[in-house]
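Each remark here refers to the structure printed beneath this line.
The values are calculated or read from the model by the stated rules, or taken from the named source; none is laboratory data. In this text, all values refer to a predicted model and were calculated from it rather than measured experimentally. Ideal geometry is used to build each Cβ from the backbone, glycine not excepted, and the neighbour counts take in all protein chains shown.
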Amino acid sequence: MDALSAVLNTIRLSGSLFFRAELGAPFAVSSLTNVELRRAFGGDADHVLPFHLVTAGTTWVVVGDEVPVQLREGDLIVMPRGDNHQLMDELGRHPVPVGELQEERHGRMGTLQHGGPKQTCTLLCGFFRLNGKSFNPLLDALPTVLVVRGNEERSLWLSATLERAFFEDIEARPGADALVDRLTELLFIDVVQAHLRQHRDDHGWLAGLKDPIVGRALGLIHGEPGHPWTVEALAAKAGASRSALAERFRAVIGQSVMRYLTAWRMELAAGRLLDSELSVAQIAAEVGYESEASLNRAFKRHVGEPPAAWRRAKRSR
């Protein structure tokens, strides 16, 4: 299994749509805060990532101190940290909080009609939900603002996918919730793949996926996280010397091979602690530890408390 697929399979991805927005100049709308977003739509997810797809016209998007981004038809923007953001036809306008515009939404799912009489921009607005208990290398690697520029083929696919999800939700057909989850899951994977193709940095997890040595090591770690890996064993399988792998992995990923392996095992262990009734000893065996005591020590160093206590505290909340 490649590392990206392994991480995607672990984070329990789902998503949905807020509404369609039809905005006319002049307009400026501010999103929910991260706390409001998680409270309203997060459920039991650890992260909520809002996104917007422009289906017609243009809009500016302002996210904190980031450089403002102008989106055109077919462009999609994601805020991987859930940052508050503003949509406006011209920079410098004072935004209205979206929570104050409920009377301007119409229908079950809702089409938000706001702004002046001149139709300027139409968007589909939604969110992705991801889980990551203690270590999510993909989410950590994504930028604060992720923009996927549209082209004719991509725009058609994205628009068709989200339009299908939107109308399934509106019509409340049996199975609509499951279909919307699957469609938004496919959308997220496509967005990450598009970003990966555009990613040109020499450092970080996404760069590691494309590195011939580091990428093979990541694939081995994620493919068999419970295997008794050593740096020597990983290097041999990756076709490199021990020193070459160790040096290259630290240079690209920013931490040692074994530290990364431990962090990923702790993420898997955390997921099993919450999602199963397995004992700590059984989970230890699954994720590559010889005993419950060895997992206890590693988990406490990484998370701050022993696995059994962490499980009780999480479930009680």
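Listed residues A293, A298, A284, A263; which is in the same structural domain as A233 (by TED's automatic domain parsing), of a type in the set (A, V, I, L, M), loosely packed, with under 14 Cβ neighbours inside 10 Å and at negative phi? Don't jump to the end; show me each part of the working.
Working: A298 fails: loosely packed, with under 14 Cβ neighbours inside 10 Å; A284 fails: loosely packed, with under 14 Cβ neighbours inside 10 Å; A263 fails: loosely packed, with under 14 Cβ neighbours inside 10 Å.
A293 is the lone residue from the list that is in the same structural domain as A233 (by TED's automatic domain parsing), of a type in the set (A, V, I, L, M), loosely packed, with under 14 Cβ neighbours inside 10 Å and at negative phi.
Where residues in the stretch 214-234 are surrounded by fewer than 17 Cβ atoms within 10 Å (Cβ to Cβ) and of a type outside the set (G, A, S), which of them is nearest to T10 (Cα to Cα)?
Filtering the stretch 214-234 down to residues surrounded by fewer than 17 Cβ atoms within 10 Å (Cβ to Cβ) leaves 223-224, 226-228, 230, 232-233.
Now restrict to residues that are of a type outside the set (G, A, S): 224, 227-228, 230, 232.
Numbers: E224: 13, H227: 18, P228: 20, T230: 23, E232: 27 Å.
Step by step, filter the stretch 214-234, then rank; the result is E224.
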Next item on the list: Considering only residues that are under 17 Å from F135 (Cβ atoms) and of a type in the set (A, V, I, L, M, F, W, C), look in the stretch 285-317 and name the one that is nearest to the chain's Cα centre (by Cα).
Entry: V303
Check: Could we say that L187 is surrounded by fewer than 21 Cβ atoms within 10 Å (Cβ to Cβ), modelled with pLDDT under 95 and under 30 Å from A21 (Cβ atoms) here?
Finding: no
Note to self: Need the failing condition index for Q255 against (1) within 22 Å of the chain's Cα centre (by Cα); (2) over 23 Å from G74 (Cβ atoms); (3) assigned by TED's automatic domain parsing to the domain that holds V48, just the number.
What the structure shows: (3)
Margin query: As an exercise: evaluate A178 against (1) of a type outside the set (S, T, N, Q); (2) surrounded by 15 or more Cβ atoms within 10 Å (Cβ to Cβ); (3) at pLDDT 75 or above and give the number of the one condition it does not meet.
Written below: (2)
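Is it the case that E100 is surrounded by fewer than 21 Cβ atoms within 10 Å (Cβ to Cβ) and in contact (Cβ under 8 Å) with a residue 40 or more places away in the chain? Spell out how you get there, then give the answer.
On the way: surrounded by fewer than 21 Cβ atoms within 10 Å (Cβ to Cβ): yes; in contact (Cβ under 8 Å) with a residue 40 or more places away in the chain: no.
No: the conditions fail for E100.
When you check G126 against the structure, is it at pLDDT 85 or above, within 25 Å of L4 (Cβ to Cβ) and crowded, with 21+ Cβ neighbours inside 10 Å, yes or no? Walk me through how you get there before you give the answer.
Numbers: at pLDDT 85 or above: yes; within 25 Å of L4 (Cβ to Cβ): yes; crowded, with 21+ Cβ neighbours inside 10 Å: yes.
Against the criterion (at pLDDT 85 or above, within 25 Å of L4 (Cβ to Cβ) and crowded, with 21+ Cβ neighbours inside 10 Å), G126 qualifies.
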Check: Quick one: would you say T111 is within 26 Å of W157 (Cα to Cα), at pLDDT 85 or above and assigned by TED's automatic domain parsing to the domain that holds F188?
Finding: no
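Are any of the residues in the stretch 48-64 touching a helix residue (DSSP H, G or I) at 6+ places or on another chain (Cβ under 6 Å), closer than 30 Å to R315 by Cα and crowded, with 17+ Cβ neighbours inside 10 Å? Explain how you work it out, then say what you get.
So in the stretch 48-64, the residues touching a helix residue (DSSP H, G or I) at 6+ places or on another chain (Cβ under 6 Å) come out as 48, 53, 55.
Those left that are additionally closer than 30 Å to R315 by Cα: 48.
Subsequent filtering for residues that are crowded, with 17+ Cβ neighbours inside 10 Å retains 48.
Scanning the stretch 48-64 turns up at least one residue that is touching a helix residue (DSSP H, G or I) at 6+ places or on another chain (Cβ under 6 Å), closer than 30 Å to R315 by Cα and crowded, with 17+ Cβ neighbours inside 10 Å.
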Next item on the list: Could you check how many residues of the stretch 279-304 are over 15 Å from A263 (Cα atoms) and free of Cβ contacts under 8 Å to residues at least 24 places away in the same chain?
Entry: 7
Note to self: Is it the case, given these coordinates, that L17 is not charged (D, E, K, R) and not in a strand (DSSP E or B)?
What the structure shows: no
Check: Failed condition for L17, given (1) more than 17 Å from the chain's Cα centre (by Cα); (2) more than 30 Å from R272 (Cβ to Cβ), with all others met?
Finding: (1)
